1. In segment 31-87, which residues are touching a Lys or Arg at 6+ places or on another chain (Cβ under 6 Å) and within 20 Å of Ser110 (Cβ to Cβ)?
2. Which one of Ala20, Ala108 is at pLDDT below 90 and under 30 Å from Thr147 (Cβ atoms)?
3. Could you please find all residues in segment 123-147 being in contact with a Leu (Cβ under 7 Å, 6 or more places away or on another chain) and either free of Cβ contacts under 8 Å to residues at least 40 places away in the same chain or surrounded by 15 or more Cβ atoms within 10 Å (Cβ to Cβ) (or both)?
4. So which of Thr68, Thr82, Thr43, Thr60 is without any contact (Cβ under 8 Å) to a residue 12 or more places away in the chain and farther than 15 Å from Ile149 by Cα?
5. Just to be sure, is Gly75 among the small types (Gly, Ala, Ser), at pLDDT 95 or above and in contact with a Gly (Cβ under 8 Å, 6 or more places away or on another chain)?
6. If a residue has to be among the polar types (S, T, N, Q) and closer than 23 Å to Ala118 by Cα to count, how many in segment 130-165 make the cut?
7. If you go through segment 22-63 one residue at a time, how many are surrounded by 13 or more Cβ atoms within 10 Å (Cβ to Cβ), hydrophobic (A, V, I, L, M, F, W, C) and more than 17 Å from Gly88 (Cβ to Cβ)?
8. Among the numbered criteria (1) touching a residue at least 60 places away in the same chain (Cβ under 8 Å); (2) over 18 Å from Ala163 (Cα atoms), which one does Ala49 miss?
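The values are calculated or read from the model by the stated rules, or taken from the named source; none is laboratory data. The model shown is predicted, which means the values in this text are computed figures rather than measured ones. Here Cβ is always computed from backbone atoms with ideal geometry, including for glycine, and neighbour counts include all displayed protein chains.
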Amino acid sequence: MKRKIQLSFAVATLALVPAAFGDDSTIGVTVGAEATFTAVSATTTLTKANTTFGAYGGTTNFTYKIRTTLSGGTGSITVLVTSFGAGGPAVGDLAYTCTSPSSGTACASSTAASTTVASPVVTFGADAHSADTGDSGTAVWTLADRTSIQIGTYSSTATFTVAAL
C-alpha cells in the first residue's frame, strides 16, 4: 500500500519597510546691532587751487555697514585727528563736511576737527540699516592756509570709529 503524503509549505514574506521616525529641531538666532567701517581713501592729500593763501582741500571716501537696535538703537561714525606737528597747521584750522548717506544723518555743514573729542561724521537712529553691500560716505576736508605755518610737509592721522547699539 502506498501512502500519499501531502506536504504543505507556507512561505512567509517579510516586507522590509524603512521606519520613519521624526523629531523637530528649533533653530534660533539672536541678531544684534553691528557695524563695520572701511576707509576707501587710506591716504588723503590736501591740496589747494592756484590761489595765494587759499584753503587746502581733500576728500576721504569710506564705506560702512550698520544695523542698530529696533527700539532705542543708536549709532555713529566719528573722527578724531592728531596734531600736525610743531610749526605746522593747527588742527583748529581743519574742518570737514560730510555727504548724506541713505542710512544715517551727515554731520553739520562744517565741523571743526578735534584732537581731544571725537567729532560726528554720521549719526544713526533706531532701526537703521545700511545696504547689504554697504553704504558710502565722504569727509570733505578744508584746511586754512595761514602765513604763520612754516614751510614743510606735515601729516595728521584721522581715526574714524563706528559704533552701533
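1. Passing the criteria: Gly54, Tyr56.
2. Values: Ala20 fails: under 30 Å from Thr147 (Cβ atoms).
Selected residue: Ala108, the only one of Ala20, Ala108 that is at pLDDT below 90 and under 30 Å from Thr147 (Cβ atoms).
3. At the first step, the residues of segment 123-147 found to be in contact with a Leu (Cβ under 7 Å, 6 or more places away or on another chain) are 126-127, 141, 143.
Residues satisfying the conditions are Trp141, Leu143.
4. On inspection, the qualifying residue turns out to be Thr43.
5. Numbers: among the small types (Gly, Ala, Ser): yes; at pLDDT 95 or above: yes; in contact with a Gly (Cβ under 8 Å, 6 or more places away or on another chain): yes.
So Gly75 passes the test.
6. Filtering segment 130-165 for residues among the polar types (S, T, N, Q) gives 130, 133, 136, 138, 142, 147-148, 150, 153, 155-157, 159, 161.
In the following step, the residues that additionally are closer than 23 Å to Ala118 by Cα were identified as 130, 136, 138, 142, 155-157, 159, 161.
So the count comes out to 9.
7. Initial filter on segment 22-63 (surrounded by 13 or more Cβ atoms within 10 Å (Cβ to Cβ)): 33, 35, 37-39, 41, 44, 46, 48, 55-63.
Add one more test, that the residue is hydrophobic (A, V, I, L, M, F, W, C), and what stays is 33, 35, 37, 39, 46, 55, 62.
Okay, now just the ones that are also more than 17 Å from Gly88 (Cβ to Cβ), so 33, 35, 37, 39, 62.
Residues in segment 22-63 being surrounded by 13 or more Cβ atoms within 10 Å (Cβ to Cβ), hydrophobic (A, V, I, L, M, F, W, C) and more than 17 Å from Gly88 (Cβ to Cβ): 5 in total.
8. (1)
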